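A short worksheet on the structure shown next.
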Amino acid sequence: MVCVDLMVKQMQNKIMMRIVSNLRILCLVLLPTVLVLAACAPAMPPGAVETQAALVQALATARAQPPAASTAVPTATALPPDVVDMGGAELVTLSGEVRAGRSLLVQLDGGSQIVFSAGSVFTISEFGTDPANAQTRIELTLGEVYVALKGGSLDVITPSGSASVSGSLLGITLVPGSTELVATCMEGVVKLQREGIEVTVPPGQRAAVSNESPAPAVGGAMAPAELAGWAVNVTASIQVMTTLVSAEQLVAMAGALPVGDARGAAALGTLVEQVSPDTLGLMVNALPAATLGTALQVLEARAPDNPKLAEMLAIVPEAKLGGIVEALAATPAGNAAAMSVVAQLPPERLAAAVGQLSPQGVGAMVGMLAAPERAATLKNLVAAVPEANMATVIVALAQDPARAEQAKTFAAALPPERLRKGLEAVIARPDAAAALGNLTNVIPKEQLDGALASSVAQPVSILGAAVDIIKKLVEPAAAVVPAATEPQAKPAQATAPAAQPPTQPPQFVGTASP
């Protein structure tokens, strides 16, 4: 055994020595090839190592930083410290310029404000240390800018010309797709210059210059859209324009406001708060109901007991009341204002408003007022539904599964006599059977019984035809007394065959006829 083990170990040693020898030979063979490949590899360009290291460092730094807020301003942008992005979009630096993602408000030292429209491309430079004497320079490549200067002076340089302002309100617009530059003045001294020619733009006026008309010229009063631009971008200008432009111009401007935008809606609310009663009267007569609804919504959001809301509501033409309520009820944001309007309207104006509502509008209001604390307002609303509209409203709500709760709330608020009249109107419809079938799904049997009981004294009314249908829908078949058990003393019925009751009530599904 000892001899065998010794022989095995000797053989293993010989194998290992042969492997090592072969590896040495392989290395000697491959080494020249490796050296040739290394010599053929392209050298890294000058600075590549530093660039790569800088990239690695930049990536490491970026990953270590928390995500920037949407209102952050790149540190490379030459802007004063306090910059607020009004639209929430980030800014992008483009070779020293700034492109505003959305409207951008720049707050300067001393209270001056500069507002750039969405998509504007600009640079700001030359700030002074003393706000009262600071000199600010804006180079506007694209878009529009509104300046509310509290001190110092400001120049706006554009490809089409330049404008200067000192202690006043200046607006500059580069008209898209053209070389035209429009300067507007709301207050103070504004000057428009090009090629050594200068004109002064009076408050409330506009001036223009372009490559086609190189000499700047004052063009008259600002257009409604230009006034609307001021109202949206510089709230303080609204108070100025109420004493600067005519009531007719203010009404036209109100119609040009983008009320679908939050800032446009806010400007409309501020305008309503600041105009005179006479101008407000012109506005409520000229503006569409949906726009008036937006104004009421803003006023209610600012203060539920806003006196301007009541003042405005009192002079709105009756023909627009329903449209206002309908528009407010259509969006969750307008619900509070809709309930406030309905609660404040006197009975006769409430009846006018409710009479103009669609069945869906009535249902939406009923749904809002379903809470117990609003029971009184709900009662007034339901009472204001005209008799002529009752059947249309109750049938429309009952046949829409999404409005089933609104139908129940509406019916529950009806006194028995009004419900009976509503049923009389329903039975006169061509789709009476299907409509009554839907009503039995949303109106409790006890309430229907109460409505039917109120009609017993009027067997010859049109409801008499509906009583049998409704009873068959809400009562079990066993409760129907066969006609054969009636006394035979009635000659008119003696020869008539006894009517047999159905074995089960008719079944109606949805709005389909049986």
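The values are calculated or read from the model by the stated rules, or taken from the named source; none is laboratory data. In this text, all values refer to a predicted model and were calculated from it rather than measured experimentally. Please note: Cβ atoms are built from the backbone with ideal geometry, for glycine as well, and neighbour counts cover all protein chains shown.
Within segment 195-313, considering only strands (runs of 3 or more DSSP E) that don't extend past its boundaries, which have at least 3 residues that are crowded, with 17+ Cβ neighbours inside 10 Å?
In segment 195-313, 205-209 are the strands (runs of 3 or more DSSP E) which contain 3 or more residues that are crowded, with 17+ Cβ neighbours inside 10 Å.
Quick one: is VAL456 farther than 20 Å from ILE394 by Cβ and either modelled with pLDDT of 75 or more or among the β-branched types (Val, Ile, Thr) (or both)?
On the way: farther than 20 Å from ILE394 by Cβ: yes; either modelled with pLDDT of 75 or more or among the β-branched types (Val, Ile, Thr) (or both): yes.
So VAL456 fits the description; yes.
If I filter segment 107-124 down to residues being part of a loop (DSSP other than H, G, I, E, B) and under 12 Å from THR136 (Cβ atoms), which single residue comes out as modelled with the highest pLDDT?
SER112
How about segment 341-358: which of its residues are within 24 Å of the chain's Cα centre (by Cα) and either under 14 Å from PRO386 (Cα atoms) or modelled with pLDDT under 95 (or both)?
LEU357, SER358
Take GLY367 and tell me if it is in contact with a Ser or Thr (Cβ under 9 Å, 6 or more places away or on another chain) and assigned to a helix (DSSP H, G or I).
So GLY367 passes the test.
Does any residue of segment 347-358 turn out to be of a type in the set (Lys, Arg) and either assigned to a loop (DSSP other than H, G, I, E, B) or surrounded by fewer than 16 Cβ atoms within 10 Å (Cβ to Cβ) (or both)? Write out each step before concluding.
Of all residues in segment 347-358, those of a type in the set (Lys, Arg) come to 349.
If we keep only those that are either assigned to a loop (DSSP other than H, G, I, E, B) or surrounded by fewer than 16 Cβ atoms within 10 Å (Cβ to Cβ) (or both) as well, we get none.
No.
Any idea how many residues of segment 175-187 are modelled with pLDDT under 90 and closer than 21 Å to VAL234 by Cα?
Of the residues in that region, 1 qualify.
Quickly run through segment 234-282 and pick out the residues that are closer than 23 Å to LEU313 by Cβ, of a type in the set (Ser, Thr, Tyr) and within 27 Å of the chain's Cα centre (by Cα).
Selection gives THR270 alone.
With respect to ARG420, is the statement that it is under 17 Å from LEU448 (Cβ atoms), out of contact with any Lys or Arg (no Cβ under 9 Å at 6 or more places or on another chain) and either without any contact (Cβ under 8 Å) to a residue 12 or more places away in the chain or in the same structural domain as LEU448 (by TED's automatic domain parsing) (or both) true? Before you say what the answer is, go through the steps one by one.
Numbers: under 17 Å from LEU448 (Cβ atoms): yes; out of contact with any Lys or Arg (no Cβ under 9 Å at 6 or more places or on another chain): yes; either without any contact (Cβ under 8 Å) to a residue 12 or more places away in the chain or in the same structural domain as LEU448 (by TED's automatic domain parsing) (or both): yes.
Considered against the rule, which asks whether it is under 17 Å from LEU448 (Cβ atoms), out of contact with any Lys or Arg (no Cβ under 9 Å at 6 or more places or on another chain) and either without any contact (Cβ under 8 Å) to a residue 12 or more places away in the chain or in the same structural domain as LEU448 (by TED's automatic domain parsing) (or both), ARG420 comes out as yes.
List every residue pair whose Cβ atoms sit under 7 Å apart, with the two residues 6 or more apart in sequence or on different chains, where the first one lies in segment 398-409 and is of a type in the set (S, T, N, Q) and the second, anywhere, is surrounded by 21 or more Cβ atoms within 10 Å (Cβ to Cβ).
What qualifies is GLN399/ASN438; GLN406/GLY363; GLN406/VAL366; GLN406/LEU397; THR409/VAL366.
Kindly list, by first and then second residue, each pair from a residue in segment 159-179 that is more than 10 Å from SER210 (Cα to Cα) to a residue that is of a type in the set (Lys, Arg) and surrounded by fewer than 22 Cβ atoms within 10 Å (Cβ to Cβ), limited to pairs with Cβ atoms under 6 Å and residues at least 6 apart or on different chains.
Pairs that qualify, where the first residue is more than 10 Å from SER210 (Cα to Cα) and the partner is of a type in the set (Lys, Arg) and surrounded by fewer than 22 Cβ atoms within 10 Å (Cβ to Cβ), are SER164/LYS191.
With the requirement that a residue be small (Gly, Ala, Ser) and outside any loop (DSSP other than H, G, I, E, B), what does segment 162-194 give you?
SER162, ALA163, SER164, SER166, GLY167, SER168, GLY171, ALA183, GLY188
Is it the case that PRO176 is farther than 29 Å from GLU300 by Cα, of a type outside the set (Asp, Glu), surrounded by fewer than 22 Cβ atoms within 10 Å (Cβ to Cβ) and under 30 Å from the mean Cα position of the chain (by Cα)? Let's see the steps before the verdict.
Details: farther than 29 Å from GLU300 by Cα: yes; of a type outside the set (Asp, Glu): yes; surrounded by fewer than 22 Cβ atoms within 10 Å (Cβ to Cβ): yes; under 30 Å from the mean Cα position of the chain (by Cα): yes.
The answer is yes for PRO176.
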